[in-house]
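A short worksheet on the structure shown next.
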Amino acid sequence: MTEAQQTDPRQALLISALSNAIKHQNIPKAGAVLGMVLSAHPELKPHAAMMKEMLADVIHEVQSLSDEERKNRLHELAPDQFVQATERKIKEKRDISLPDLPGATHGVVMRFAPNPSGPLHLGHARAAFLNDAYVQRYGGRYILRMEDTDPKRVDPEAYEMIAEDISWMGIGITEVVYQSDRFPLYYEAGKDLIEHGHAYVCECESEAFRVLKMEKQACPCRDREALENLSMWERMLDGEYFEGSVSVRLKTDMQHPDPAIRDFPLFRVLTSKPHDRIDACVYPLMNLSVAVDDHALSMTHIIRGKDHIANTRRQEYIFDYMGWDKPYYYHYGRMGIEGLVLSTSAMREGIRSGMYSGWDDPQLGTMRALCRRGILPEAIGKVMIEIGIGETDISFSWDNLYAQNKSIIDPLSDRFFFVADPVEMRVTGAAPQRAEAQKFPGDPKRGVRVVPFDGTVLVQRSDLEGKPSMLRLKDLFNVTPEYGSSPCTGNYAGDALADARAAKAPIVQWLPPSYSMPCQMQHPDGTIFGYCEMEVASYVGKTVQFERTGFVHVDKVDDEGVVVYYTHK
């Protein structure tokens with residue numbers, strides 16, 4: 001019996017789908033599952049068509065199972081795959097661009113901690129991929145921590161969007177934590193700090209406290225007895241104070257050279273904006289909740305931007321007061337990204353005003369916008385790893401990202417003709433015939449595109465500018481245009497490519513009207529209208545290359561034709 005006969009196609013698809021769903025905590029895409037199976041079992045490639053028909057049923061089966069049922073089913077079918085899906089292994093090949101971490105011999109615990117105010121964007125990608133790379137290197141836990149303690153910054157839809165973005169990025173999260181579920185833990189820490197005289201309830205008006213702070217003077221509340229502070233703390237939790245009337249502050253050094261460190265706040269009363277996930281009136285501020293969670297979740301190493309250096313200093317006060325061991329901290333330099341709005345509020349306002357079509361508008365730098373353009377997460381990850389954790393400020397290189405992306409999509413992208421701003425040309429003297437062009441040059445196994453010539457072609461208007469004496473219709477023959485005629489006409493001028501070269505004739509894209517369909521290319525410079533080969537309509541969700549134009553991601557097909565998004569050259 002052959003190996004192909006021994007491998008059950010449906011079971012292979014089910015194992016792959018279960019593994020993917022468990023690892024990424026999401027329902028896998030059919031294409032990803034099939035690709036994984038055919039890569040692991042090349043002997044099944046002749047059965048690919050049959051397996052595509054099975055996929056819908058397999059995906060539905062996985063979707064109907066709970067997380068626990070998926071794990072049990074995978075453990076039953078493929079114990080080795082179960083281990084790979086549920087544990088992070090040490091990566092054998094290290095990224096030499098990333099320095100080793102101290103104290104990581106026995107694994108690491110790291111976290112990616114976005115605020116759920118919107119989807120993830122390029123600004124988030126650096127921390128997400130850098131932490132992921134280290135967890136892959138050393139093994140351990142990688143926690144996605146939703147920092148949602150500020151109801152004014154929470155978009156309820158963002159929870160799901162972030163989960164989708166994480167899945168697309170391929171980040172190997174091992175567990176998810178919501179800070180809104182952990183308020184009792186924060187309250188306990190707050191009480192402990194007050195009880196031991198490290199924190200106090202402050203009734204000062206914010207501007208009055210700011211003036212004192214800038215003058216390095218303590219406020220009158222600082223010397224209040226711990227028991228009175230505890231009583232006021234309980235009244236805060238009972239809802240007896242109105243918003244803005246009190247806060248809880250940590251005692252630090254009022255002579256500290258950085259005013260932001262001096263007696264910074266830990267808790268506030270907030271009643272004007274209810275939280276979607278918790279009923280509370282006392283909310284922990286970021287430095288308190290982050291410090292408590294970094295300890296409670298046993299974080300070993302923290303990688304974040306150097307704009308958090310002051311926060312690290314604040315949080316170290318809390319660690320010292322509580323007697324906790326501190327994690328290792330790394331602060332990377334700022335990453336300037338030219339031409340992008342990364343403010344979630346600005347993006348949301350742009351969507352509301354109609355400036356952007358949605359969070360996946362290709363003008364934006366969100367993960368879903370990059371996905372829509374055909375930028376792959378592997379390329380983004382490679383760029384972020386190359387940038388690394390250095391403290392020097394850098395400028396993000398789009399050219400580098402495009403080069404990384406091209407190296408991945410180029411061998412996967414079939415080639416097609418695209419004619420922008422078309423002009424119809426009647427060619428005389430040539431018999432009807434067919435042009436055959438390889439879908440991927442140099443690889444006949446990928447097949448050919450058969451483009452029929454029936455006497456009339458569409459050519460790009462700009463190709464006629466300058467009135468060249470000859471055009472070479474790519475993969476077809478030579479034409480001598482007749483200028484001034486209406487409609488545009490041209491004469492067959494032979495098949496020899498050498499003649500076209502001698503005449504320095506431009507090689508142009510062309511399409512027969514009968515074998516083309518309208519195509520809108522969403523380009524950074526605006527929408528480009530044209531025509532493309534009809535077969536492009538079957539590539540929705542994939543990237544193709546429009547010859548002599550660039551790579552595009554096929555977005556959809558509607559009544560008006562094909563819509564593609566320009567990726568890059």
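Summary table
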read-out	value
Selected residue [at pLDDT 95 or above and either touching a Leu at 6+ places or on another chain (Cβ under 8 Å) or among the charged types (D, E, K, R) (or both)] from Ile351, Ile309, Ile318	Ile318
Ile303 of a type in the set (Val, Ile, Thr), surrounded by fewer than 18 Cβ atoms within 10 Å (Cβ to Cβ), touching a strand residue (DSSP E or B) at 6+ places or on another chain (Cβ under 6 Å) and outside any loop (DSSP other than H, G, I, E, B)	no
Flag for Tyr321 being touching a residue at least 60 places away in the same chain (Cβ under 8 Å), more than 26 Å from Ala163 (Cα to Cα) and either surrounded by 20 or more Cβ atoms within 10 Å (Cβ to Cβ) or in contact with a helix residue (DSSP H, G or I) (Cβ under 8 Å, 6 or more places away or on another chain) (or both)	yes
Output for region 453-469, where each listed residue is outside any strand (DSSP E or B) and either among the hydroxyl-bearing types (Ser, Thr, Tyr) or surrounded by 19 or more Cβ atoms within 10 Å (Cβ to Cβ) (or both)	Ser462, Asp463, Ser469
Pick from region 193-215, criterion touching a strand residue (DSSP E or B) at 6+ places or on another chain (Cβ under 9 Å) and surrounded by fewer than 18 Cβ atoms within 10 Å (Cβ to Cβ), ranking: nearest to Met236 (Cα to Cα)	Glu203
Criterion: of a type in the set (Val, Ile, Thr), under 22 Å from His568 (Cβ atoms) and touching a residue at least 12 places away in the same chain (Cβ under 8 Å) - qualifying residue of Thr366, Thr344	Thr366
Members of region 316-335 found to be hydrophobic (A, V, I, L, M, F, W, C) and within 25 Å of the chain's Cα centre (by Cα), listed by number	Met335
Which numbered condition Asp399 misses (of (1) out of contact with any Ser or Thr (no Cβ under 6 Å at 6 or more places or on another chain); (2) surrounded by 14 or more Cβ atoms within 10 Å (Cβ to Cβ))	(2)
From Leu370, Leu297, Leu288, residue being at pLDDT 95 or above and touching a Phe, Trp or Tyr at 6+ places or on another chain (Cβ under 8 Å)	Leu288
Residue check, Val423 within 30 Å of Tyr483 (Cα to Cα), outside any helix (DSSP H, G or I) and without any contact (Cβ under 8 Å) to a residue 40 or more places away in the chain	no
When residues of region 64-79 are limited to those that are assigned to a helix (DSSP H, G or I) and of a type in the set (A, V, I, L, M), the one surrounded by the fewest Cβ atoms within 10 Å (Cβ to Cβ)	Leu77
Selection from region 488-513 of residues that are in a loop (DSSP other than H, G, I, E, B) and either more than 48 Å from the chain's Cα centre (by Cα) or among the aliphatic types (A, V, I, L, M) (or both)	Ala493, Gly494, Ala496, Ala503, Ala505
Residue within region 514-528 that is assigned to a strand (DSSP E or B) and surrounded by fewer than 13 Cβ atoms within 10 Å (Cβ to Cβ) present	yes
Cross-chain or 6+ apart pairs with Cβ under 8 Å, region 385-407 first and farther than 21 Å from Asn131 by Cα, then of a type in the set (Phe, Trp, Tyr)	Lys406/Phe551
Total residues in region 426-452, condition assigned to a strand (DSSP E or B), over 44 Å from the mean Cα position of the chain (by Cα) and of a type outside the set (A, V, I, L, M, F, W, C)	3
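Here is a yes/no grid of residues against (1) modelled with pLDDT of 95 or more; (2) within 19 Å of Ala291 (Cβ to Cβ); (3) assigned to a loop (DSSP other than H, G, I, E, B):
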{"residue": "Leu185", "(1), (2), (3)": "yes, yes, no"}
{"residue": "Glu188", "(1), (2), (3)": "yes, yes, no"}
{"residue": "Gly197", "(1), (2), (3)": "yes, yes, yes"}
{"residue": "Glu207", "(1), (2), (3)": "yes, no, no"}
{"residue": "Val211", "(1), (2), (3)": "yes, no, no"}
{"residue": "Arg249", "(1), (2), (3)": "yes, yes, no"}
{"residue": "Phe267", "(1), (2), (3)": "yes, yes, no"}
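The values are calculated or read from the model by the stated rules, or taken from the named source; none is laboratory data. Model, not experiment: these values are computed from the prediction. Don't worry about glycine lacking a Cβ; one is built from the backbone with ideal geometry, like all the others, and counts go over all protein chains shown.
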